[in-house]
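K.L.:
Structure in structure tokens, see below.
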Amino acid sequence: MTNHWIDIKNSDCILIMGSNAAENHPISFKYVTAAQQNGATLISVDPRFTRTSSKADIYTALRSGSDIPFLGGMIKYILDNNLYQKDYVALYTNGPFIVDKSFDFKDGLFSGYDPKNRRYDKSQWAFENDKYGVPKMDRSLKDPRCVLQLLKKHYSRYTTQLVSNITGTSEQDLLKVYKTYAATGKTGKAGTIMYAMGWTQHTVGTQNIRTMAIIQLLLGNMGVAGGGVNALRGESNVQGSTDHCLLWHIWPGYLKTPRASDTSLAVYNEKYTPKSNDPQSANWWQNYPKYSVSLLKSFFGENANPGNEFGYSWMPKADDGKVYSWLDIFDEMYNGSIKGFFAWGQNPACSGTNANKTRDAMKNLDWMVNTNIFENETGSFWRGPGTDPAAIKTEVFFLPACVSVEKEGSITNSGRWMQWRYQGPKPLGNSLPDGDIILMLGEKLKELYTKAPGVFSDPILNLKWDYATGGVYDPHKVAREINGYFVQDVTIKGKTYAKGTLVPSFAFLQSDGSTSSANWLYCNSYTEKGNMAARRGQEDAPNEIGLYPEFAWCWPVNRRIIYNRASVDAKGTPWNPDRWVIKWNGEKWVGDVPDGGWPPLETADGFKNPKTKHAFIMQKHGYAQIFGPGLNDGPFPEHYEPLECPVEKNFMNAQRMNPTAPVYGGKADEWATCDPRYPYVGTTYRVVEHWQTGVMTRHQAWLLEMQPQMFVEMSMELGQLKGIKNGDRVKVTSPRGEVEATAIVTKRFRPFKVGGGVVHQVGMPWHFGWEFPKSGMEESANLLTPSTGDPNTRIPETKAFMVNVVKI
Amino acid sequence: MDFTRRQFIQVTGATAAGLAVSGMGFDLKPIKAHAQMLKTEYAKQTTSICPYCAVGCGVIVYTSQKGDGRVIDIEGDPDHVINRGTLCSKGAALSQLSENKLRVTDPMYRAPYSKEWKTVSWDWALTEIAKRVKATRDAAFTRTNAKGQVVNHTTAIASVGSAAMDNEECWIYQALMRSLGLVYLEHQARI
């Protein structure tokens, strides 16, 4: 989230789309309700009438997979009716940037498309630079080649008539939503978006979010209280696990995993450190080498020094042009090249798309380590339905992890708040905290590689691994390592920090190896002042917008609303004096931690202030991106149909589906589009009583009693069409598998008028699996979902695919 | 009289147990005496954060300091500025997660072709896992790729998980996996 949970109450208009917050982030709704009590409007857009919809002032439906037309139509509405906040767009966004003539869009493709490799040459989407190498601008936003005018041209095709024909939403409803939300473009008004997997789990997932980000920038909603782009993340610490980069393509703190062609630390740092010739651009990522070197010092401690590039050569490199993502793991495992597997606190047999492929893939493993609280469909795959254990050679080690209340450590919520938690009871039986298990496993490996010769043992032997106190894993030691400390005496601006002192913030990190920090973003979380994540300050900040700056700690440097220097005008006066985030008092910023302490863009006399920096400091040029040339599928979002869709062609352009989305074509990857065997749009979602694949919740009697079985929701019309009554057991099928479910025939789904015809949609939760309840008859919806995903994130398209439903 | 939210809830809880109250100026002594008779007198109180969605609601865990030392109850933390003592059904049921007969409490091993688990010790399990990691890693470790570039990685081992681990655990886990040369490193954030 760019903002945070409590801040939702500050909004004038809340759009919940691609999320069912009342169901899946229930306590957040406290703040939605508070906003409504203050006069805010809640808009719910969802294929199905959900618990969120039941609280909304405005509800309308759209077909799963048609969010870009819906939102693109809103962009057109905002521009046609001049509802955008002009001064904000001119001051803070790249709306004024002039785009090079090489950029074009025709027949559904941007310039630079290579059809053989299904990839774009992004250099075709560059800006026109001045002689200093800084993008040229037209602040009046009139130049036909400026981003704002190109945006207008791009979305001129998104008429309400065409959008309605694609989404199945009535033109009347579209206009109602557009008018209501676009009203937040008025200076001093704030609109917010709460979204989740309903937007990310698509072959156009990243662009779904981009479309909304563009709307928020046009309306001046970024950086203000009650605004922002707010991702409602799905797990208690998925924010933290993402920040610490349990992902192939990034190193802790969102640094890049090096490629084979990054042959040295110098080459690596040079490649990934962006350069700007604009002296007014803070270009904060220019500090990249300070963060990468400090990280390497954390990996290898005293063994990392300038002479060995701080251990850079010990880190694994990814092959250039290759992807090592989730979809690729199970594809390679299916093809037999992956022999060992850690399924650590995760249940891919139920959570991954195309679950049958995943379950078959695991049969090829030599060994698996499954760490979990309960038995589950992954660790026990060898005795799953239709599986003969006598044919499966995989060794499986089940390691019992303790429950969260039995250990100490921190987790980070969706609002970036890092919160410390304490041990209640000791771990049950011989279960252990994950930290203890990981530390011991590391010690065993170091011992093995010390005693016996091994291949390239250096990284393992040199890994800094002193995270125990009294022989037991100590989370405080790791937390201090994550913050970082001075590895030797360092003098900065006349003050000397003694060796071993915790670094106060990432502004103090160095690239010469004199500091270590396991994650620069978390530098400032555990300092000489103490464990900031453990704070429980009850006082709000003077601006009284619910920041609670002394409760827990958030990154970066406890800045609660990021991009907050866009919440003020050029002189530093808040757009909204009643809900101000920061304001300039003549000498410094007060309120939230400012997004950089530099003075406002203009002095009080209205002259450009030479000491200022542009507001969006993490962007190379310093401006928020309406035109986004870094993504794999285009600088402007464009509608493409899902891999499996109910229409023969895309009514928006000549490309049926995303021309850069990965599609796996093995024998386990069957797919079918606009196929009469699978005539209904299928989607997946969750219920409040269960969580994810249900490993934790299905084993609890209270929760299982409330939601005991797999179900599929369908409209009254579809129920009638198929002779299915509420409560009947039915079979839902797709080209990849089938699932038995109890039918819920309901008014919550209505048929869509799409493409001149009628399209039905059904939906299912994905909380179930054969391991429990013992009947084994309640299974995962992911047995149906397809082998494709977003070309930027590779998040699988589990929210829109095609199915059939038949009575059993 | 100033109350913290928690004191208020304790007091009203005791009141509901049957003591008469006449407005806000009542004498706390008899209430305190009654409160001391509640089960939680023997409890250690610790705070934690719910392990489910990412709102990050605060909970208070009451752990018995007598007998089996297990959880008596888990409830919302009134002093947490986000949830203010409220919880959804999953959070409200947390004691059923920690106090659950279906939890696995010893390491287990499934041998090739076997149809059942065997209980084993931690030391045995971790020793055997380390042996297999080394064997699989060393057998096909890639020092240089087909283009002759130095990669120092293994594609024979993959890891998924976990968004349910603490920050500190996540960090040391990725450090260990990367030191082994893994490139197939993923988790819930990807799906």
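K.L.:
Hey, if you drop one equal point scatterer on each alpha-carbon of the range A:700-747 and run the Debye formula without solvent, what base-10 log of I(q)/I(0) do you get at q = 0.14, 0.21, 0.22, 0.32 Å⁻¹?
P.N.:
Per q value, in the given order, log10 I(q)/I(0) is -0.40, -0.75, -0.79, -1.10.
K.L.:
Past 22 Å, Cα to Cα, is the threshold; run A:K86/A:K613; A:K426/A:K529; A:K426/A:K477 against it and keep the listed order.
P.N.:
Pairs exceeding the cut-off: A:K426/A:K529.
K.L.:
Please give the average number of partner chain Cβ atoms lying within 10 Å of the Cβ of each residue in A:104-112, rounded to a whole number.
P.N.:
For peptide A:104-112, the averaged partner shielding equals 0.
K.L.:
Relative contact order, percent, of chain A when contacts are C-alpha pairs under 8 Å separated by at least 6 residues?
P.N.:
So the answer I get is 16 percent.
K.L.:
Given labels modelled 7 Å from the Cα in the Cβ direction, how far is it in nm from A:K747 to B:N100?
P.N.:
Placing both labels 7 Å beyond Cα along the Cβ direction yields 3.7 nm.
K.L.:
For the range A:412-471, what is the per residue volume of the convex hull drawn over the alpha-carbon atoms, in cubic angstrom?
P.N.:
Hull volume normalised by residue count: 160 Å³.
K.L.:
Let me ask you something else. Could you derive backbone 3J(HN,Hα) for the range A:403-408 from the dihedral phi with the Karplus parameters 6.51, -1.76 and 1.60 (θ = phi - 60°), listing whole Hz in sequence and x where the residue is Gly or Pro?
P.N.:
Per-residue couplings from phi come out as 8, 3, 6, 9, 8, 10 Hz.
K.L.:
Right, here's the next one. Whole-Hz Karplus ³J(HN,Hα) for the range B:123-138, in order, using 6.51 cos²θ - 1.76 cosθ + 1.60 and θ = phi - 60°, x for Gly and Pro?
P.N.:
Listing the rounded values in order: 4, 4, 4, 5, 4, 5, 4, 4, 4, 5, 4, 5, 5, 5, 5, 5 Hz.
K.L.:
I've got another one for you. Students often get this wrong, so check it: of A:K774/A:K807; A:K256/A:K499; A:K142/A:K176; A:K152/A:K571, which have C-alpha atoms separated by over 25 Å?
P.N.:
As for pairs spanning more than 25 Å Cα to Cα, those are A:K256/A:K499; A:K142/A:K176; A:K152/A:K571.
K.L.:
Please report, to one decimal in angstroms, the Kirkwood hydrodynamic radius of the range A:39-93 built from all distinct Cα-Cα pairs.
P.N.:
Every distinct Cα pair counted, the radius reaches 13.3 Å.
K.L.:
Averaged across A:455-464, how many Cβ atoms of other chains sit within 10 Å of each residue's Cβ atom?
P.N.:
Neighbouring Cβ atoms belonging to other protein chains average 5 per residue here.
K.L.:
Then there is this: Per the Kirkwood formula on distinct C-alpha pairs, the Rh of chain A is how many angstrom?
P.N.:
28.0 Å
K.L.:
Cut-off is 10 Å between beta-carbons; in what order do A:I460, B:I172 appear when sorted fewest neighbours first?
P.N.:
Placing the least packed residue first, the sequence is A:I460, B:I172.
K.L.:
Right, next: What is the spin-label model distance, in nm, from A:L461 to A:T159 if the labels are put 7 Å beyond Cα along the C-beta direction?
P.N.:
With each label placed 7 Å out from Cα toward Cβ, I get 7.3 nm.
K.L.:
Around B:T155, which amide H atoms from residues at least 5 apart in sequence, or from another chain, sit under 5 Å from its own amide H, with H modelled in the peptide plane?
P.N.:
Under 5 Å from the amide H of B:T155: B:T142.
K.L.:
log₁₀ I(q)/I(0) of the range B:44-97 at q = 0.16, 0.28 Å⁻¹, via Debye over equal Cα point scatterers, no solvent, to two decimals?
P.N.:
Calculated log10 I(q)/I(0) at the listed q: -0.42, -1.08.
K.L.:
A follow-up question, please. What is the gain in length, in nm to one decimal, between A:K131 and A:Q709 on full extension, counting 0.36 nm per residue of separation less the C-alpha to C-alpha distance?
P.N.:
Details: separation 578, 0.36 × 578 = 208.08 nm, distance 6.57 nm.
Taking A:K131 through A:Q709 to full extension adds about 201.5 nm, to one decimal.
K.L.:
Report, in listed order, any pair from A:K55/A:K747; A:K131/A:K275; A:K101/A:K136; A:K317/A:K339; A:K131/A:K611 with a Cα-Cα distance greater than 18 Å.
P.N.:
A:K317/A:K339; A:K131/A:K611
K.L.:
Report the percentage of all Cα-Cα pairs in the range A:293-387 whose separation exceeds 18 Å, rounded to a whole percent.
P.N.:
57 percent
K.L.:
Right, something else. Nearest 5 is fine: what % of DSSP beta bridges in the protein assembly as shown come out antiparallel, could you say? Mind showing how you got there, number by number?
P.N.:
Values: 70 of 118 bridges.
Among the beta bridges of the protein assembly as shown, antiparallel pairing accounts for roughly 60 percent.
K.L.:
Using only the Cα atoms, what convex hull volume per residue in Å³ does the range A:496-564 have? Before the final figure, lay out the partial values.
P.N.:
Details: hull volume 7.6 nm³, N = 69.
Value for the range A:496-564: 110 Å³ per residue.
K.L.:
Kindly identify the range A:646-701 as rounded, prolate or oblate by the Cα gyration tensor criterion: order the square roots of the eigenvalues as a ≥ b ≥ c, call it rounded if a/c is under 1.5, otherwise compare a/b with b/c, prolate if a/b is larger, else oblate.
P.N.:
On the way: a/c = 2.53, a/b = 2.19, b/c = 1.16.
Because a/c hits 1.5 or more and a/b exceeds b/c, the range A:646-701 counts as prolate.
K.L.:
For the range B:67-143, go through all pairs of different Cα atoms, get the mean of 1/r, take its inverse, and jot down that Kirkwood value in Å.
P.N.:
Value: 17.0 Å, from the Cα pair sum.
K.L.:
Here is a follow-up. Can you list residues from other chains, or at least 5 along the same chain, whose modelled amide H is less than 5 Å from the amide H of A:K256?
P.N.:
A:W251
K.L.:
Hey, what number do you get for chain A at 222 nm if only DSSP H runs of n ≥ 4 count, each worth -39500 (n - 2.57), divided across all residues, to the nearest 500?
P.N.:
So the calculated ellipticity at 222 nm is -6000 deg cm²/dmol.
K.L.:
Per residue of the range A:700-715, what does 6.51 cos²θ - 1.76 cosθ + 1.60 with θ = phi - 60° give for ³J(HN,Hα)? Whole Hz please, x for Gly and Pro, Karplus curve as stated.
P.N.:
Those phi angles translate into 10, 4, 4, 6, 5, 5, 6, 9, x, 9, 5, 9, 10, 8, 8, 6 Hz.
K.L.:
Then there is this: So who's got an amide H within less than 5 Å of the one on A:A624, skipping anything under 5 residues away but keeping other chains? H placed 1.01 Å off N, in plane.
P.N.:
Amide H neighbours of A:A624: A:T93, A:N94, A:F616.
K.L.:
Additional query: Rank-order A:230-240, A:278-288, A:165-175, B:113-123 by packing density, defined as the average count of other C-beta atoms within 10 Å over each peptide's residues, highest first. Intermediate values should be presented prior to the final figure.
P.N.:
On the way: A:230-240: 26.4, A:278-288: 17.9, A:165-175: 19.8, B:113-123: 13.4.
Result, highest mean first: A:230-240, A:165-175, A:278-288, B:113-123.
K.L.:
First check a/c for the range A:114-203, with a ≥ b ≥ c the square roots of the eigenvalues of its C-alpha gyration tensor; if it is under 1.5, answer rounded, and if not, answer prolate when a/b is larger than b/c or oblate otherwise. Intermediate results must be reported in sequence, preceding the final value.
P.N.:
Values: a/c = 1.95, a/b = 1.33, b/c = 1.47.
Oblate is the answer for the range A:114-203, as a/c is 1.5 or above yet b/c matches or exceeds a/b.
K.L.:
For peptide A:544-552, what's the mean number of Cβ atoms from other chains within 10 Å of each residue's Cβ?
P.N.:
The per-residue average across the peptide is 2.
K.L.:
Related question: Calculated FRET efficiency, A:H476 and A:K774, Cβ-Cβ r, R0 41 Å, to nearest 0.05? Write down the numbers at each step before the final one.
P.N.:
On the way: r = 42 Å, r/R0 = 1.02.
With R0 = 41 Å, the Cβ-Cβ based efficiency is 0.45.
K.L.:
Next up: Sort A:T206, B:T46 by Cβ crowding within 10 Å, fewest neighbours at the top.
P.N.:
Neighbour counts put them in this order, fewest first: B:T46, A:T206.
K.L.:
In what order do A:E705, A:E689, B:E169, A:E550 fall by count of nearby beta-carbon atoms within 10 Å, going from fewest to most?
P.N.:
Numbers: A:E705 9, A:E689 22, B:E169 32, A:E550 16.
In order of increasing Cβ crowding within 10 Å: A:E705, A:E550, A:E689, B:E169.
K.L.:
Semi-axes of the equivalent ellipsoid of the range B:108-190: what are they in whole Å, largest first, if each equals the square root of 5 times a C-alpha gyration tensor eigenvalue?
P.N.:
In descending order, the three semi-axes are 26, 19, 12 Å.
K.L.:
If you don't mind, another one. Taking the highest mean first, how do the peptides A:409-416, A:391-398, B:135-142, A:621-628 order by number of other beta carbon atoms within 10 angstrom per residue?
P.N.:
Those peptides, ordered most packed to least, come out A:409-416, A:621-628, A:391-398, B:135-142.
Readers should treat all values here as calculations from the given coordinates under stated rules, not as data from a laboratory. These figures come from a predicted structure and were not determined experimentally. Reconstructed Cβ throughout: ideal geometry from the backbone, glycine too, with neighbour counts over all protein chains shown.
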